[in-house]
Amino acid sequence: MCKRITKNDNLFILSLKEKFPVNAYYGWEFGNVHSLYNYFVGYKVAAMDLYKQFIIYSINGEINVTDTLIFPLIFLYRHSLELCIKYLYFKYSYTSEEDKKGFLKCNHKLDSIWGKTRPYIQKCLSEQRVC
């Protein structure tokens, strides 16, 4: 039976000659708006790295690989966009907790979450505040 990953679990521990440890901590920032930002950045960086590999396969004419990499590549970019919009809503909407819970019921519909987030961003920009 697999152990369930919980907050602050140390994942992917790797030590390169004991000098340069590589760690990943799951959920260290869980529960605040910055966790959405970190998730957004993580998916975006993963998409950018995969895109670099996609280009290499394309240059080498390995269409059998590019035809399969396109699906996770699209998913990663789309999911990073979704997380970015959700981050912006939570950071700039200044709505109640009940409204934020309602916002999360929009699920993964980009047009819906952007439609609810855009007015807050426009207001911020029109007031010439730093967003």
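The values are calculated or read from the model by the stated rules, or taken from the named source; none is laboratory data. Values in this document were obtained by computation on a predicted structure and should not be read as measured data. All Cβ positions, glycine included, derive from the backbone under ideal geometry; neighbour counts span all protein chains shown. The accessibility values were calculated without ligands, DNA or RNA, using every heavy atom of the protein model including side chains. Shrake-Rupley method; radii C 1.70, N 1.55, O 1.52, S 1.80 Å.
Expressed in nm to one decimal, what extension gain is obtained for the pair SER58 and VAL33 from 0.36 nm per residue of sequence separation less their Cα-Cα distance?
Details: separation 25, 0.36 × 25 = 9.00 nm, distance 3.75 nm.
Net length gain for the segment: 5.2 nm.
At an R0 of 35 angstrom, the distance between the Cβ atoms of VAL65 and LYS3 translates into a FRET efficiency of 0.55.
Net charge of the neighbourhood of TRP114, taken over other residues with C-beta under 11 Å away and scored Lys/Arg +1, Asp/Glu -1, is +2. Of the solvent-accessible surface of region 34-98, computed with a 1.4 Å probe and all protein chains present, 66% belongs to carbon and sulfur.
Take region 45-105 with all the other protein chains still there, run a 1.4 Å probe, and you get 64 Å² of accessible area per residue. Straight Cα distances below 16 angstrom link LYS109 to the aspartates and glutamates GLU82, with same-chain residues fewer than 8 positions distant left out. Translational diffusion of region 89-131 was estimated from the Stokes-Einstein equation, with Rh taken as the Kirkwood radius over Cα pairs; at 10 °C and 1.306 mPa s the coefficient is 146 µm²/s.
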